[in-house]
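S.K.: Below is the structure I would like to discuss, written out as structure tokens.
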Amino acid sequence: MSRIGKRPIPLPKNVTLTLEGQQVTVKGPKGQLSRVLPPEVTVSQEGETILVQRRDESRTAKERHGLCRTLVANMVEGVAQGFTKKLEIQGVGYRAQQQGKNLVLSMGYSHPVEITPPDGITLEIEDNQGKKVQQGTIVLVSGIDKELVGNLAAQIRGVRPPEPYKGKGIRYSGEFVRRKVGKTGKK
């Protein structure tokens, strides 16, 4: 029994939902998202709420019930407010630079790493006071599709994940990096 799948999804006033068979389309002030859901679930709108229900009690229907409810809820939240991931760069000489839409990372390699965002995703650089700058150590990944935002943030973090000895690298904002003690000197 999926507890997540049972919960209704509140529909904000400025968001509209369109159902065409298994295709769910959500439009809002930030944009439009569309997704085809598996045949084991049905989506219905009752007033200002959206309900996701199973067609039968099979194992696959039970597995996908909560997943599909969460996917639809993320679509509604994305077109209404959007999603943002914040990444912090730590280390001497490590920095990010904006070149048009692209992000160029100087992370201690022999070459700069350039990252091109997919359509619908924006990359911005902030300084420590929260002002937008061309070059800095805080990167914001934002967009309406939670999956794309999370994947691009993970791709940027994967360029130089934080290392456990000095903590240098790219980390999510608020991420705890477990530190190790280095080698001890001779006695």
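Throughout, read-outs are computed from the coordinates displayed, never taken from laboratory work. All figures in this text were calculated on a predicted structure; none of them were measured in a lab. Because the Cβ atoms are built from the backbone with ideal geometry, glycine has one as well, and the counts that use them run over all protein chains shown.
S.K.: Want the number for LYS101 to GLU114: 0.36 nm per residue separation, take away the alpha-carbon distance, what's left?
M.R.: 3.6 nm
S.K.: Could you work out how much longer the chain between ALA154 and LEU19 gets when fully extended? Use 0.36 nm per residue separation minus the Cα distance between them, nm to one decimal.
M.R.: Gain on stretching ALA154 to LEU19: 45.4 nm.
S.K.: Using Cα pairs closer than 8 Å and at least 6 residues apart in sequence, work out the relative contact order for region 33-143, in percent. Provide the component values of the computation, followed by the final result.
M.R.: On the way: 166 pairs, mean separation 22.4, N = 111.
Normalised by residue count, the contact order of region 33-143 is 20 percent.
S.K.: Once you place label points 7 Å from the Cα toward the Cβ at GLN129 and LYS62, how far apart are they in nm?
M.R.: 5.8 nm
S.K.: A follow-up question, please. Round to the nearest 0.05 the FRET efficiency obtained for LYS6 and GLU147 when R0 = 22 Å and r is the Cβ-Cβ distance.
M.R.: 0.45
S.K.: Taking the 0 to 90 degree range and rounding to the nearest ten, how far is the long axis of helix 146-159 tilted relative to the main principal axis of the chain, both from C-alpha atoms?
M.R.: Rounded to the nearest ten degrees, it is 20.
S.K.: Which value in deg cm²/dmol, rounded to the nearest 500, describes the helix-derived mean residue ellipticity at 222 nm for the chain, given -39,500 (n - 2.57) per DSSP H run of n ≥ 4 and division by the residue count?
M.R.: Calculated from helices alone, the mean residue ellipticity at 222 nm is -7000 deg cm²/dmol.
S.K.: Could you pull out every one of the lysines with an alpha carbon less than 20 Å from that of LYS166, ignoring same-chain neighbours closer than 8 positions?
M.R.: Within the straight-line limit of under 20 Å, LYS166 reaches these lysines: LYS180, LYS183.
S.K.: Still on this model: On a 0 to 90° scale, report how tilted helix 59-80 is relative to the longest principal axis of the chain, with both axes built from alpha carbons and the result rounded to the nearest 10.
M.R.: So the inclination is approximately 70 degrees.
S.K.: How far is the Cα center of region 118-140 from the Cα center of region 75-102, in Å?
M.R.: Region 118-140 and region 75-102 have Cα centres separated by 6 Å.
S.K.: Compute the longest continuous run of the chain that contains no exposed chymotrypsin sites (Phe, Trp or Tyr not before Pro); treat a site as exposed when its DSSP state is not H, G, I, E or B and it has at most 11 other Cβ atoms within 10 Å.
M.R.: Longest site-free region, per DSSP loop and neighbour criteria: 1-108.
S.K.: Measuring from label point to label point, each 7 Å out along Cα→Cβ, what is the THR122 to LEU51 span in nm?
M.R.: Taking the two extended label points, one gets 3.8 nm.
S.K.: Right, next: Which of the trypsin sites (Lys or Arg not before Pro) found in region 5-85 are loop residues per DSSP with 11 or fewer other Cβ atoms within 10 Å of their Cβ?
M.R.: Sites meeting the loop and neighbour criteria: LYS13.
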